[in-house]
Amino acid sequence: MTRTAVLICPGRGTYNKPELGYLHRHHADKAALFAGFDAARAALGQEEVTALDGATRFSVGKYSRGDIASPLIYASALADAQSLAEDIEVVAVTGNSMGWYIALAAAGALSAQDGFELVNTMGTLMQEHLIGGQLVYPFTSDDWRPDLQRKAELLALVAQINGRSGHVLALSIDLGGMLVLAGDDAGLAAFEAAVPQIADRFPMRLANHAGFHTALQAPVAAEGRKRLDGAMLTQPAVPLVDGRGAIWQPGSTDLASLWDYTLGHQVVESYDFTRAVQIAAQEFAPDLFIVTGPGTTLGGAVAQSLVHQDWQGMTDKAAFKARQAEEPLLISMGDDSQRSVATAPAS
């Protein structure tokens with residue numbers, strides 16, 4: 001019996017020390033795929049993806065860089081997307097932030113090699129420019145129930161700080177129960193000073209992250225359009241849900257508009273991952289939500305996004321966990337204990 005799934009691709013920050021060796025552990029059968037990626041990197045004088053993945057030592061300073069993390073995450077996620085069990089029918093694809101680029105390839109709107117060129121180019125440009133930064137701050141409590149008043153208060157604070165002379169701050173990503181904010185150092189520091197510390201973790205600055213999904217990235221978007229050719233896009237094979245919740249359908253996608261979004265709005269405006277997940281749930285009602293690797297950090301944001309719309313009666317963290325225990329709905333391929341659910345046929 002066919003299992004339907006929404007496939008969700010992760011963004012930056014998901015290839016960390018535990019993921020070192022991910023390609024070698026899970027995808028030894030995809031040497032031809034990775035050879036093309038390695039050749040592209042070598043032609044640019046960059047370290048090969050398989051060499052980065054096969055290193056014996058991990059350092060945050062190196063592996064959090066856009067020109068290092070982006071190609072590793074792309075290779076890991078796309079290889080996972082190509083490893084789904086034959087009885088899984090992907091009914092839609094979405095992604096978080098950089099995961100949008102991966103989603104384009106996973107949905108067939110880009111070839112594997114063209115998708116790699118897009119990701120490697122944009123990751124390198126982000127690192128070269130490194131304009132602004134990002135931090136993460138939660139607005140829900142431990143039970144995952146949405147606190148819309150708290151969210152509104154935080155966004156009002158963001159707008160107030162952004163209105164100050166010499167300060168830039170904006171919503172970068174609406175990420176389940178988290179707000180990812182982006183801005184210049186003055187804007188980020190002002191927010192950090194204005195909000196209480198939570199669990200000795202938040203607000204949490206993200207290493208080597210630029211001010212993604214804000215107007216700060218306009219120079220990066222412009223340079224990306226100069227270096228990349230929109231003719232690489234083709235009609236997606238399955239529907240794509242973007243960072244606004246808009247759906248790009250097979251056979252009727254305006255490819256010029258898709259390219260404009262990908263290297264325009266998607267780079268310089270906030271990315272509503274929560275809405276993307278919720279629209280995918282409402283419109284496609286899948287049996288499973290499958291998050292590709294690397295890493296497992298995106299799973300929480302997916303679960304919270306579903307809880308925030310009371311998906312199938314799940315109104316809080318406890319209800320979600322009960323559902324997962326009874327009949328898993330969310331599968332993280334980066335979790336070895338869950339991976340086989342997505343890669344092996346259902347019994």
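Any read-out appearing in this document is the output of simple, stated calculations on the displayed coordinates, not a laboratory observation. Because the structure is predicted, anything quoted here is derived from the model rather than measured. Note that we place each Cβ from the backbone using ideal geometry, even for glycine, and neighbour counts take in every protein chain shown.
Among the lysines, which fall within straight-line cross-link reach of residue 151, defined as a Cα-Cα distance under 30 Å, with same-chain neighbours fewer than 8 residues apart omitted? Qualifying lysines at Cα under 30 Å: 317, 321. Among the helices of the chain, those built from whole DSSP H runs whose Cα atoms reach 15 Å or more along their own axis and whose mean Kyte-Doolittle hydropathy is at least 1.0 are 31-43.
Placing R0 at 25 angstrom, the Cβ-Cβ distance between residue 152 and residue 312 gives a FRET efficiency of 0.40 after rounding to 0.05. Is the shape of the range 189-347 best called rounded, prolate or oblate, per the rule: a/c under 1.5 gives rounded, else a/b larger than b/c gives prolate, else oblate, with a ≥ b ≥ c the square roots of the Cα gyration tensor eigenvalues? Oblate, since a/c reaches 1.5 and b/c is not below a/b.
Maximal additional length on extending the residue 47-residue 185 stretch stands at 46.6 nm, based on 0.36 nm per residue less the C-alpha distance. One decimal place: the segment residue 113-residue 244 gains 44.6 nm when fully extended, by the rule 0.36 nm per residue minus the C-alpha distance.
Once C-alpha pairs closer than 8 Å and six or more residues apart are averaged by separation and normalised to the residue number of the range 124-174, the relative contact order reads 21 percent. Count the DSSP beta bridges whose two residues both fall in the chain, then state the antiparallel fraction as a percent rounded to the nearest 5. DSSP beta bridges in the chain are roughly 50 percent antiparallel. Sites listed here are GluC sites (Glu not before Pro) in the range 1-90 whose DSSP assignment is loop and whose Cβ has at most 12 other Cβ atoms within 10 Å: 86. Comparing Cα centroids, the range 201-220 and the range 288-311 end up 22 angstrom apart.
Each Cα pair under 8 Å and six or more residues apart adds its separation to the average, and for the range 197-347 the resulting relative contact order is 19 percent. Each Cα pair under 8 Å and six or more residues apart adds its sequence gap; the mean of these over the residue count of the chain is a relative contact order of 24 percent. FRET efficiency for the pair residue 198 and residue 55, taken as 1/(1 + (r/R0)^6) with r the Cβ-Cβ distance and R0 = 25 Å, rounds to 0.15. Rounded to the nearest 500, the helix-only mean residue ellipticity at 222 nm of the chain stands at -13000 deg cm²/dmol, with each DSSP H run of n ≥ 4 adding -39,500 (n - 2.57).
Per-residue extension of 0.36 nm, minus the Cα-Cα distance of residue 231 and residue 255, leaves a gain of 7.8 nm for this segment.
Within the chain, what's the longest stretch lacking trypsin sites (Lys or Arg not before Pro) that sit in DSSP loops with no more than 12 other Cβ atoms inside 10 Å? Answer from the scan: 202-347. Placing a label point 7 Å from the Cα of residue 82 along the Cα-to-Cβ direction, the residues of the range 12-37 whose backbone N falls under 19 Å of that point are 21-37.
Think of the chain as having a plus end and a minus end, set by charges on the Cβ of Lys, Arg, Asp and Glu; of 159, 75, 224, 159 sits farthest toward the positive end of this dipole. Counting only Cβ charges, +1 for Lys and Arg and -1 for Asp and Glu, the dipole size of the chain around its Cα centre is about 600 debye.
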